[in-house]
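In what follows, a structure is listed as structure tokens, so that the remarks can point back to it.
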Amino acid sequence: MAMNRIQFQHGLSMPEFLKDCGTEAQCERVLEAVRWPNGFCCPRCGQAAHYVLRDGVRKVFQCNACRHQASLIAGTVFQGTKLPLTTWFLAIYLISQAKTGLSALALKRQLGVSYPTAWLIHHKLMQVMADREARYLLEGKIQVDDAYLGGERTGGKVGRGSENKVAFVAAVSLNEADRPLRVRLTPVPGFTLKAVAAWAKEHLAPGSAVFSDGLACFGAVTEAGCSHQPTVIAGRKPKEVPEFKWINTVLGNLKTTLSGCYHAFDFRKYATRYLAAFCYRFNRRFDLRSLHQRLLIAAVGTTPQPLRSIRVADAHC
Ligand SMILES: [Zn+2]
């Protein structure tokens, strides 16, 4: 059997991870280096001179110039946590190295925390991934398709009505050799001209070339300055059409992830975050070894996520 270069790449082994991030002091040092690569810099006045205090277990930096106190975790996604950094770092490690994602239930078992705690860690880290993904536009040659969470191609039961079904646009950009570059999966209120135009303006770079099936609403990508080439697939199933090979592969991977790892979740409430986490992983599929470090850097760069914002429903559902 041919070796798949994604499947067989070297990840970061557990012993390697624990060698650098096995104790609270080590995690503090790593976090400090990620936050302030050139040494502490006061978030209020920008001065470097400081001394270090302890607020309970947390390391606190006090600026010599303005006396501002900054905890190591303030202003990051870890702000307010009572958990040891070792727990967060292990969660980031486990989530980054699990090829098809990790459920909150699996995290609970592996971290030795309660289910609500694991759920919150999981959702905060998925939000970190979603924020990161939102920074990029798709550009160039882009295959798009209409899909449903809870639909035939994503592992739900067909014909159960719409009680836990969410429409989303699936899009994949391709390189010169027609290999997939980036994936974007975005819930939409429905497949209407208005919804697709708004989606295209937010997620596609002007000048991109969009390829879709004959569904009329995709013509609205021209409103975002993109060209549109529909392919009518009358009588054929989408998976039989070579023009949509990669979008079908992505939706197949999504189905595997959802059925094998997450099972059921509240699609209508959390679709955006789960889909973005899937895209984050897919879009960095060649970088398994560095993914822990990259997710940690993203977590440090993500603003605090209070429980109420984590629990807030997707606005359009
Ligand atoms: Zn200061």
Looking only at the stretch 215-227, count how many residues are out of contact with any Lys or Arg (no Cβ under 8 Å at 6 or more places or on another chain), open to solvent by 50 Å² or more (accessible area, probe 1.4 Å) and touching a residue at least 12 places away in the same chain (Cβ under 8 Å). 3
Flagged in the stretch 47-106 as part of a loop (DSSP other than H, G, I, E, B), among the hydrophobic types (A, V, I, L, M, F, W, C) and open to solvent by less than 50 Å² (accessible area, probe 1.4 Å), in numbering order, are Cys66, Leu72, Ile73, Ala74, Val77, Phe78, Leu83, Ala98, Leu102
Which ones in the stretch 216-240 are under 28 Å from the mean Cα position of the chain (by Cα) and part of a loop (DSSP other than H, G, I, E, B)? Gly225, Cys226
Any residue at all in the stretch 116-124 that's of a type in the set (S, T, N, Q) and over 18 Å from Pro304 (Cα atoms)? no
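Condition test on Arg311, is it within 17 Å of the chain's Cα centre (by Cα) and modelled with pLDDT of 90 or more?
No; evaluated as a whole, the condition is false for this residue.
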Does Ala205 count as open to solvent by less than 30 Å² (accessible area, probe 1.4 Å) and under 21 Å from the mean Cα position of the chain (by Cα)? yes
Going residue by residue through the stretch 71-78, is there one that turns out to be of a type in the set (S, T, N, Q), within 16 Å of the ligand (Cβ to nearest atom) and more than 30 Å from Lys201 (Cβ to Cβ)? yes
Would you mind finding the one in Ala48, Ala25 that is out of contact with any helix residue (DSSP H, G or I) (no Cβ under 9 Å at 6 or more places or on another chain) and away from the ligand (no atom under 16 Å from the Cβ)? Ala25
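The values are calculated or read from the model by the stated rules, or taken from the named source; none is laboratory data. Quick caveat, the model's predicted, so the values are computed rather than measured. For neighbour counting, all protein chains shown are included, and Cβ atoms are generated from backbone atoms with ideal geometry for every residue, glycine included. Protein only, heavy atoms only, side chains kept; ligands, DNA and RNA dropped before computing areas. Shrake-Rupley method; radii C 1.70, N 1.55, O 1.52, S 1.80 Å.
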